[in-house]
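In what follows, a structure is listed as structure tokens, so that the remarks can point back to it.
The values are calculated or read from the model by the stated rules, or taken from the named source; none is laboratory data. Remember, predicted model here, so these are calculated numbers, not experimental data. Using ideal geometry, Cβ is built from the backbone for each residue, glycine included, and neighbour counts are taken over all protein chains shown. For accessibility, only protein heavy atoms count, side chains too; no ligands or nucleic acids. Shrake-Rupley method; radii C 1.70, N 1.55, O 1.52, S 1.80 Å.
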Amino acid sequence: QKEVEQNSGPLSVPEGAIASLNCTYSDRVSQSFFWYRQYSGKSPELIMSIYSNGDKEDGRFTAQLNKASQYVSLLIRDSQPSDSATYLCAVNKNSGNTPLVFGKGTRLSVIA
Amino acid sequence: DTGVSQDPRHKITKRGQNVTFRCDPISEHNRLYWYRQTLGQGPEFLTYFQNEAQLEKSRLLSDRFSAERPKGSFSTLEIQRTEQGDSAMYLCASSSGAPGYGYTFGSGTRLTVV
């Protein structure tokens, strides 16, 4: 079982819709969770972090964490074509003392 | 501060040659990470430093790979006797190490071994 799993996509959504990106992780001791956006040919950029169960909102982005189900998701409201990118889920096993483990990423395509 | 800088941006080398990449982290960050990313994959951890100490190395990091951070500032990643399988994007990232804080990535060095 891979440590961090994501559906590689592509996930296609129409402009203005909600895009839902999902991630599962295998290690129950994981404590910190991150979503990165990566445009083609560019490096990853941090969108959000979450470490408590529940929802965390930042603008059009909402991260959701369910540690019991070992599941973290990212919702993008009012999707724009500029949101088209690969979204990487990353997990920290403990309080920052181990390197982030990344999933393969989900490619999102927002269609105008 | 201009963020994390990596040099060169692109490197084409012949198989068997040695290559060295440089990373300059954000100045107040004491942690520096090297990752490798191939097409369609997420970044794979290679090694990381806290100040000048190399704290962890991945099993992916063969004996041909070596990394240094001699004064706790910039870091270099050297690959000796390059192979075609080394072709990838090499990403450097830095962080403050504070719990719950993510990494800031550099633009990466794209290595092509021909």
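For a label point 7 Å from the Cα of A:Y39 along Cα→C-beta, name the residues of the stretch A:74-107 whose backbone N is under 18 Å from it. Backbone N within reach: A:79-88, A:106-107. Note on the stretch A:1-107: with charges restricted to the Cβ of Lys and Arg (+1) and Asp and Glu (-1), its dipole about the Cα centre is near 260 debye. Interface between chains A and B: roughly 1600 Å² of accessible area buried, both sides summed (probe 1.4 Å, protein heavy atoms only). Spin-label model, B:T2 to A:S12: label points 7 Å out along the Cα-to-beta-carbon direction sit 4.1 nm apart.
Ordered from largest to smallest accessible area (heavy atoms of protein chains, 1.4 Å probe), the residues A:D83, A:D58 come out as A:D58, A:D83. Per residue, the solvent-accessible area of chain B (1.4 Å probe, heavy atoms of protein chains only, all protein chains present) comes to 51 Å². May I ask you to list the residues of the stretch A:6-39 whose amide nitrogen lies under 17 Å from a point 7 Å from Cα along the Cα→beta-carbon direction of A:K67? Counting only backbone N, you get A:24-34.
Residues of chain A: accessible area per residue at 1.4 Å, in Å²?
47
For chain B, the dipole from Cβ point charges (+1 on Lys and Arg, -1 on Asp and Glu) about the Cα centre works out to 380 debye, to the nearest 20. Peptide B:43-52 has a mean of 3 when you count, residue by residue, the C-beta atoms of other protein chains within 10 Å of its C-beta. Per residue, the convex hull spanned by the Cα atoms of chain B measures out at 99 cubic angstrom.
Here the calculated FRET efficiency for B:R110 and A:N53, from their Cβ-Cβ distance with R0 = 25 Å, stands at 0.05, rounded to the nearest 0.05.
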